[in-house]
Amino acid sequence: MEIKILGSGCAKCKTLEKLTREVVQQNGIDATITKVEDFLEIMKLGVMTTPALVVDGKVEIKGRIPSTDEIKQILTKTI
Amino acid sequence: MSDWFIDHVMGLTKGSHFAEALRFFVFEFPKVMLLLTLIIFFVGIIRTYFTPERTRKALEGKKTFTGNVMAATLGIVTPFCSCSAIPLFLGFVESGVPLGVTFSFLIAAPMINEVAIILLYGMFGWKVAAIYIGTGLAIAILSGWMIGLLKLEKWVEPWVYESHMGNSGSTEEKPDFSKRISLGYDAVKEIVGKVWIYVALGILVGAGAHGYVPEEFMASLMGKSAWYSIPLSILIGIPLYSNAAGIVPIVSVLIEKGASLGTALAFMMSVIGLSLPEMVILRKVLKLPLIFTFIGIVGFGIMIVGYLFNFIF
C-alpha cells in the first residue's frame, strides 16, 4: 500500500503524519509512507486543503486531522 | 454568588484593586468560554456544508463585483487555515476564479473570524460585533474588487497559470448528520482546546489592568485626539501575529484604558487580517509588488474603518 501525506509542513500536517505512522506500525500494515510538500504535486492530486491523506492514489481525507480509529478504518478496509 | 465569595470568604475589601480584578475574571471567563464552546460547535456543523471545493464551484466564472461579494461572504463560513492558503489559491485561480475574487476570499477568511465575533459580542455587545462583520466584509469585497480592476495577473508567478489541477478522484465526502455533529465536536475540541489559554491570559491581563492601570493611560497614545494613532496601530499590527482569541481581550483592555474604538479595532483587524507569516507563504505564488499592493489596499481599508468608527462613536 502506498500512503501519501500532503501538506507543506504546518503543525496539522505533522500531526497527521505522526498518527498515520503510528497506525501503520501498530497494526503491522505493509505500507510506504511519503510526505508530499511540493504544491504542484499536491495540486496534481486535486487537493485544496491540507493536510490530506492519500492511499493508493485516492484522496481519503482532506483539510482535517482524523482520529486514529478513522485512519485505521481507512487503511484496513482495502485489504 | 461570586460577589459573596470574593467579599466574604476571601475577606477582601470591596473596592480594593485585587478584589475588583478577581471579580472581573470570575465573571468574564466562564461567560466567554461558554459562548465560545456553543458557537464553535454550531459553526463546526455549519462548516461541514461548505467545503472549499463547493465554494470554488460557486465562484467559477462569476462576474467581478458579484463574485467579490460572494467570495467574501463564503470566506466567513468556508473552513480555512492559513497553511492551506497556497493550495487554495492555486485551486481557485486555476479553475477560472478571477484573481480579485480569489483575493476577496483570502482576505475575508482569516479577518472575519468566528472566535473574534463571539469575543467582541461577549465583551462589547452585539453592535460592535455586527459592525466588525460588516466593515470586515466591506474591506474584503472592495479590496478584492480593486485588485481585480488593477489587472495584476502579471504579478502572479507564471507557473501558477501553467499548472493544472488534477482530479482528486475522491467521491465528494457527504457525511450524514451524526458525522456532522461529531465534526462539530471535533472543532470544539481543537479550537477551544487551543485558545482557552489565550482567553484566560487575555482576560487575566484585562482583569489586572481593570484594577491597576489608570483609566486614561492609553488615551494620549491611542485616543481620538491622536490622528496618527490609526496608521501607527495598523503598522504595528502587521508583524504582530496572534489568533483572534488572543487579540480581543487585549483590545478590550486598550479601550478600557482610553483607546478609541476605531483605533483599537483597526489594530485588531491588522493583527489578524494582515499577518507576516501568511505573506511569506503567499510569496511562493505572488510576486512582491502584488503582496505590497495587497497589504496597501487592505491596510488602507482598515484605516478608513478606523477613522469612520472614531467619527461615529
- State all residues of the stretch B:16-62 that are away from chain A (no Cβ under 14 Å), surrounded by fewer than 17 Cβ atoms within 10 Å (Cβ to Cβ) and among the basic types (K, R); if no residue qualifies, say none. B:K31
- Which of (1) surrounded by fewer than 19 Cβ atoms within 10 Å (Cβ to Cβ); (2) of a type outside the set (S, T, Y); (3) more than 13 Å from chain A (Cβ to nearest Cβ) is the odd one out, the single condition B:H164 does not satisfy? (3)
- Note on the structure: Taking the stretch B:263-285 and keeping residues of a type in the set (A, V, I, L, M, F, W, C), buried (at least 22 other Cβ atoms within 10 Å of the Cβ) and not in a loop (DSSP other than H, G, I, E, B) leaves B:A264, B:L265, B:A266, B:F267, B:M268, B:M269, B:V271, B:I272
- Take B:G202 and decide whether it is under 22 Å from B:I118 (Cα atoms), crowded, with 19+ Cβ neighbours inside 10 Å, at pLDDT below 80 and in contact with a Pro (Cβ under 6 Å, 6 or more places away or on another chain). yes
- Which one of these does B:V156 not meet: (1) out of contact with any helix residue (DSSP H, G or I) (no Cβ under 8 Å at 6 or more places or on another chain); (2) within 14 Å of another protein chain (Cβ to nearest Cβ); (3) over 30 Å from A:V55 (Cβ atoms)? (1)
- Would you be able to tell me the number of residues in the stretch B:286-307 that are among the small types (G, A, S), buried (at least 17 other Cβ atoms within 10 Å of the Cβ) and more than 21 Å from B:M123 (Cα to Cα)? 2
- Out of the residues in the stretch B:286-313 that are away from every other protein chain (no Cβ under 14 Å) and not in a helix (DSSP H, G or I), which is nearest to B:F105 (Cα to Cα)? B:K287
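In the stretch B:90-140, what count of residues is obtained for those that are of a type in the set (V, I, T) and more than 28 Å from B:T64 (Cα to Cα)?
Filtering the stretch B:90-140 for residues of a type in the set (V, I, T) gives B:93, B:97, B:101-102, B:107, B:112, B:115, B:117-118, B:128, B:131, B:133, B:135, B:139.
Those still in the list that are more than 28 Å from B:T64 (Cα to Cα) too: B:115, B:118, B:128.
Counting residues in the stretch B:90-140 that are of a type in the set (V, I, T) and more than 28 Å from B:T64 (Cα to Cα) gives 3.
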- the stretch B:63-80 - residue that is of a type outside the set (A, V, I, L, M) and over 19 Å from B:L149 (Cβ atoms) and, of those, farthest from the other protein chains (Cβ to nearest Cβ): B:T73
- Can you spot a residue in the stretch B:81-92 that is within 11 Å of chain A (Cβ to nearest Cβ) and within 13 Å of the chain's Cα centre (by Cα)? yes
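When the stretch B:63-91 is examined, which residues are found to be among the aromatic types (F, W, Y), part of a helix (DSSP H, G or I) and either buried (at least 21 other Cβ atoms within 10 Å of the Cβ) or modelled with pLDDT under 85 (or both)?
Step one: filter the stretch B:63-91 for residues among the aromatic types (F, W, Y), giving B:65, B:80, B:89.
Those still in the list that are part of a helix (DSSP H, G or I) too: B:65, B:89.
Listed by number, the list holds a single entry, B:F89.
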- Note on the structure: For helices (runs of 4 or more DSSP H) lying entirely in chain A, having 3 or more residues that are crowded, with 19+ Cβ neighbours inside 10 Å and within 14 Å of chain B (Cβ to nearest Cβ) picks out A:11-26, A:39-44
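The values are calculated or read from the model by the stated rules, or taken from the named source; none is laboratory data. Just so we're clear, the structure is a prediction, and the values are computed from it rather than from any experiment. All Cβ positions, glycine included, derive from the backbone under ideal geometry; neighbour counts span all protein chains shown.
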